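Here the structure comes first, spelled out in structure tokens, and everything after it is commentary.
The values are calculated or read from the model by the stated rules, or taken from the named source; none is laboratory data. Note that the structure is predicted; figures quoted are calculated from it, not measured. So basically every Cβ, Gly included, is an ideal-geometry build from the backbone, and we count neighbours across all protein chains shown. Side chains included, ligands, DNA and RNA excluded: accessible areas come from the protein's heavy atoms. Shrake-Rupley method; radii C 1.70, N 1.55, O 1.52, S 1.80 Å.
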Amino acid sequence: MNRTVITYDSFVPLLLERVPELEGIYHQHLKDNDELLPHVFLGDVCRFFAELYTSSKANRSISHRVIEVMDEGLRMGCEQTKELVFVSFLENIPQDNNVYDKIKLDLTPVLKEAVKSYG
């Protein structure tokens, strides 16, 4: 079976395609940095993602789509993409209060295993 590899350059466009709610964060990121800095952008995405679990207006549809794309990045990404997801998303998940516990319940087995490897 031929598997499509998610390249470093294609990961952020894939994320934006699957989670269009991130467009505002993306445009602010470009305004602030004059270019796409994928590691910095994924840090911004992670903060947005964590807020979905603390907000009274929590939107599980958005969080699940973010999780799906991160999972695909680890399973189907090139080494740079895997590093991007691991270092700039998973390692930035807040580990305080009960937010982390809520997030962990929603992570895929692949993401849970990755989290175990550093924590």
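Quick one: which of Val85, Val40 is within 18 Å of Thr7 (Cα to Cα) and touching a His at 6+ places or on another chain (Cβ under 9 Å)? Matching residue, one of Val85, Val40: Val40.
Search region 100-116 for residues that are touching a residue at least 24 places away in the same chain (Cβ under 8 Å) and pair each with any residue that is of a type in the set (Asp, Glu) and open to solvent by 90 Å² or more (accessible area, probe 1.4 Å) when their beta-carbon atoms are under 8 Å apart and the residues are at least 6 apart or on different chains. From region 100-116, the pairs are Thr108/Glu68. Gln95 satisfies every condition listed in (1) without any contact (Cβ under 8 Å) to a residue 12 or more places away in the chain; (2) over 24 Å from Tyr8 (Cβ atoms) except (1). The listed residues are Arg60, Arg65, Arg47, and the only one of them that is touching a helix residue (DSSP H, G or I) at 6+ places or on another chain (Cβ under 6 Å) and of a type in the set (D, E, K, R) turns out to be Arg65. Checked against the criteria, Thr54 counts as out of contact with any Cys (no Cβ under 7 Å at 6 or more places or on another chain) and more than 19 Å from Leu15 (Cβ to Cβ).
Put simply, of Thr54, Thr4 the only residue that is modelled with pLDDT under 95 and farther than 16 Å from Asp106 by Cβ is Thr4. A Cβ distance below 8 Å, combined with a sequence gap of six or more or placement on separate chains, defines the contacts here; from region 25-49, residues that are free of Cβ contacts under 8 Å to residues at least 12 places away in the same chain reach residues that are open to solvent by 50 Å² or more (accessible area, probe 1.4 Å) and of a type in the set (A, V, I, L, M) in the pairs Leu30/Leu36; Asn33/Val40.
Just one residue in the set Val45, Val87, Val66, Val115 is in a helix (DSSP H, G or I), within 11 Å of the chain's Cα centre (by Cα) and more than 19 Å from Arg18 (Cβ to Cβ); that residue is Val87.
Checked against (1) surrounded by fewer than 16 Cβ atoms within 10 Å (Cβ to Cβ); (2) closer than 19 Å to Gly73 by Cα; (3) at pLDDT 95 or above, Asn33 passes all but condition (2). Restricting region 57-76 to residues that are of a type outside the set (S, T, N, Q) and open to solvent by less than 10 Å² (accessible area, probe 1.4 Å) leaves a set whose member that is nearest to Thr4 (Cα to Cα) is Gly73. Exactly one residue among Thr81, Thr54 is open to solvent by 40 Å² or more (accessible area, probe 1.4 Å) and hydroxyl-bearing (Ser, Thr, Tyr), and that residue is Thr54. Among the residues of region 4-40, which ones are of a type in the set (Lys, Arg) and under 20 Å from Ile67 (Cβ atoms)? Within region 4-40, Arg18 is the sole residue that qualifies.
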